[in-house]
Amino acid sequence: IEIYSLHVDCKVTSRFAHTVITSRIVNRANESREAIFEVEIPKTAFITNFSMSMDGEVYPGIIKEKTAAQNEYDTAVSQGQSAGLVKITDRKLEQFHMSVSIAAASKVTFELTYEELLKRHLGKYELLIKVQPKQLVKHFQIDVHIFEPQGIHFLETDSTFMTNELTEALTKVQNETKAHILFKPTLDQQKKNSELDETLLNGDFVVRYDVKREATAGDIQIVNGYFVHYFAPQEMPVFPKNVIFVIDRSGSMTGRKIEQTRDALLKILQDLRPEDHFSFITFNNKVVEWKSSLLPATEENVASAAALVQTLTARGGTDLGAALLAAAAALDKARGLPQRSVAMIILLTDGQPTSGERNVEVIQENVQKAINGKYALFCLGFGFDVSYKFLEKMALSNGGIARRIYENADAALQLQGFYQEVATPILMQIEMQYPENSIEGLTKNNFKLFFEGSEITVSGKISNELDLLPVEIKAQSHTSNLTLKEEANVKEKEQVFQNQRYIFGNFIERLWAYLNIQQLLEEAISAQEEDQKALEAQALDLSLRYSFVTPLTSMVVTKPQQQEELANKPTEAG
């Protein structure tokens, strides 16, 4: 079985990435063989299309509602034969796997399309392409086209498998608003050495970039009556933080986990700013507060906290609820904190509550009552014994986010990386306002916090013939209350994309649908049951209308001989 052509074609238009992977395979044996198409794609992406072509026939993937697809699948497949096509493989990726039997001397072409909105993290967008052909490929090519009307501020490529020879196969052409990256290694360049037919191509191919930002009220782009508004203010004063670290030191954290936690916390302590206030709560079946109040992050206090962190050991049960309530109480009674500041609780745990209150619903309720919208709660789940669903619901109900920390060698770096993302809050209570009677289907437009290096994205549909789209942003900064205004000339904005060759038509409409689905699913996690059903129904409707494989839909692929396979979108919560 030989992959004779593998092409990754990616078009990024205003942060929205549309990627098509095409693999052409030939069976050189004189009997039928299994051809395998296995690719890893970013977790944040939604598959939108898949097809197999062989012997002049095309076998497309059809996207349906999950339960309907499952029922159909169960009927078609006798028990014990079903296999999901998509599974999570690591922190950033999930794997799509398809195999089909092809006759001697026959060919098959697999084509997979997925889309995602690139999110800005720590001042850059990252496009990740996983390269793993597992054999030498005669025609191998990665094409990345980027078009950013705001202008490209910087662009870099990075790869885990580059050699000097392979670098020669990489070209980068760039002007003010466009870039084309081409990676096209010959067979010789792909080889580990000239004697062996082993490939060097195994790992990540990454493109990172950022855009230029002129306007203070962000940038608006419009195509076919849909708009997207990007807002990422720069050079703003940073809010002082009042942060309580709530650290699990129960028995299950023993060994590597507690060591990595210590390493990460020591680094994080160094990153605190002098105007921040902080404290620690550690818990097993007992909850221990490091100090009776939050302390300013002076050198002396940081050193004293570092000494405590060095002594962290793990044993005992997990009274997670009591620890979080203690953190909320400590922030409630804290005195002498800066007037305009951001309060947050960062929880790190690796397991289920095993002592004190064990019912996760009761814990959620108690914590939400105690926090009462005053503080942001960030939940980091270490490994796979945590109930990620519980942590995610708790974080989203309290203005924060949840993240899974994978038990790899780089766990300490994952923890630090997360802290860096939330370390510099520069705006709070952000309201993005648009003319009510002219905009439909507006995505989320109120945000509790904005961290430096990230970006706020709002999208919607312009419902009537507007010439000018006025926007107003209200927010609180560390020093003042801001009101920023901007007007977008609809016709001029539409023109920007008119003459661009490689743009996929209604991309802002698809971006709007993608963002909407992501937000509806996130909202559903922390909603009451009736609301949850309504939110999921909306997300399902959009998933089907724009054909996205989301956690609510499945793609049914019918192979030759009428055999059916199912592709579902896995979620972190499983």
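The values are calculated or read from the model by the stated rules, or taken from the named source; none is laboratory data. These numbers were taken from a predicted model, which means no experiment stands behind them. No Cβ is skipped: glycine too gets one built from the backbone with ideal geometry, and neighbour counts run over all protein chains shown. Remember, those area values only see protein heavy atoms, side chains included, never the ligands or the DNA or RNA. Shrake-Rupley method; radii C 1.70, N 1.55, O 1.52, S 1.80 Å.
Okay, residues lined up against (1) modelled with pLDDT of 90 or more; (2) within 30 Å of GLN368 (Cα to Cα); (3) more than 20 Å from the chain's Cα centre (by Cα):
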residue: PHE497; (1), (2), (3): no, no, yes
residue: LEU515; (1), (2), (3): yes, yes, no
residue: GLN519; (1), (2), (3): yes, yes, no
residue: GLU523; (1), (2), (3): yes, yes, no
residue: GLU536; (1), (2), (3): yes, yes, no
residue: ARG545; (1), (2), (3): yes, no, yes
residue: PHE548; (1), (2), (3): yes, no, no
residue: PRO560; (1), (2), (3): no, no, yes
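Please go through (1) of a type outside the set (Ser, Thr, Tyr); (2) open to solvent by 20 Å² or more (accessible area, probe 1.4 Å); (3) out of contact with any Ser or Thr (no Cβ under 6 Å at 6 or more places or on another chain) for GLY218 and return the number of the only condition it doesn't satisfy.
Looking at each condition in turn, GLY218 falls short on (2).
May I ask you to list the residues in the range 422-452 that are in a loop (DSSP other than H, G, I, E, B) and closer than 23 Å to ILE508 by Cα? Talk me through it step by step, then tell me what you get.
Taking the range 422-452 first, the residues in a loop (DSSP other than H, G, I, E, B) are 423-424, 434-435, 441-445, 452.
Within the range 422-452, TYR434, PRO435, GLY441, LEU442, THR443, LYS444, ASN445 meet the criteria.
Taking the range 109-135, which residues are under 21 Å from ARG33 (Cβ atoms) and surrounded by fewer than 21 Cβ atoms within 10 Å (Cβ to Cβ)?
THR109, GLU111, GLN132, PRO133, LYS134, GLN135
In the same structural domain as PRO296 (by the TED database) and modelled with pLDDT under 95: is that true of VAL386 in this structure?
So VAL386 passes the test.
In the range 268-284, is there at least one residue being surrounded by 16 or more Cβ atoms within 10 Å (Cβ to Cβ) and in a helix (DSSP H, G or I)?
Among the residues of the range 268-284, at least one is surrounded by 16 or more Cβ atoms within 10 Å (Cβ to Cβ) and in a helix (DSSP H, G or I), which makes the answer yes.
So, in the range 536-574, of the ones that are free of Cβ contacts under 8 Å to residues at least 24 places away in the same chain and farther than 28 Å from ILE405 by Cα, which residue ends up least open to solvent (accessible area, probe 1.4 Å)?
ALA537
Please give the number of the condition ASP248 fails out of (1) closer than 24 Å to LEU449 by Cα; (2) open to solvent by less than 10 Å² (accessible area, probe 1.4 Å); (3) among the acidic types (Asp, Glu).
The single condition ASP248 does not satisfy is (1).
Does LEU308 satisfy the criteria of being touching a strand residue (DSSP E or B) at 6+ places or on another chain (Cβ under 7 Å) and modelled with pLDDT of 95 or more?
Here the answer is no, as LEU308 does not meet what is asked.
Tell me yes or no: at least one residue of the range 259-266 is hydroxyl-bearing (Ser, Thr, Tyr), in a strand (DSSP E or B), buried (at least 21 other Cβ atoms within 10 Å of the Cβ) and touching a strand residue (DSSP E or B) at 6+ places or on another chain (Cβ under 7 Å).
Scanning the range 259-266, I find no residue that is hydroxyl-bearing (Ser, Thr, Tyr), in a strand (DSSP E or B), buried (at least 21 other Cβ atoms within 10 Å of the Cβ) and touching a strand residue (DSSP E or B) at 6+ places or on another chain (Cβ under 7 Å), so the answer is no.
Within the range 211-232, take every residue that is in contact with a Leu (Cβ under 7 Å, 6 or more places away or on another chain) and assigned to a loop (DSSP other than H, G, I, E, B) and give me the one that is modelled with the highest pLDDT.
ALA217
Exactly one of these conditions fails for MET394: (1) assigned by the TED database to the domain that holds ALA314; (2) modelled with pLDDT under 95; (3) within 24 Å of GLN519 (Cα to Cα); (4) not polar (S, T, N, Q). Give me its number.
Among (1) assigned by the TED database to the domain that holds ALA314; (2) modelled with pLDDT under 95; (3) within 24 Å of GLN519 (Cα to Cα); (4) not polar (S, T, N, Q), the lone unmet condition for MET394 is (2).
Tell me, please, whether a residue that is free of Cβ contacts under 8 Å to residues at least 60 places away in the same chain and under 20 Å from the mean Cα position of the chain (by Cα) can be found in the range 426-445.
Checked the range 426-445: at least one residue is free of Cβ contacts under 8 Å to residues at least 60 places away in the same chain and under 20 Å from the mean Cα position of the chain (by Cα).
Quick one: count up the residues across the range 455-476 that are of a type in the set (S, T, N, Q) and surrounded by fewer than 18 Cβ atoms within 10 Å (Cβ to Cβ).
3
May I ask you to list pairs of residues, at least six apart or on different chains, whose Cβ atoms are under 6 Å apart, with the first in the range 257-284 being more than 21 Å from ALA409 (Cα to Cα) and the second being charged (D, E, K, R) and open to solvent by less than 10 Å² (accessible area, probe 1.4 Å)?
So the pair list comes out as ASP276/LYS241.
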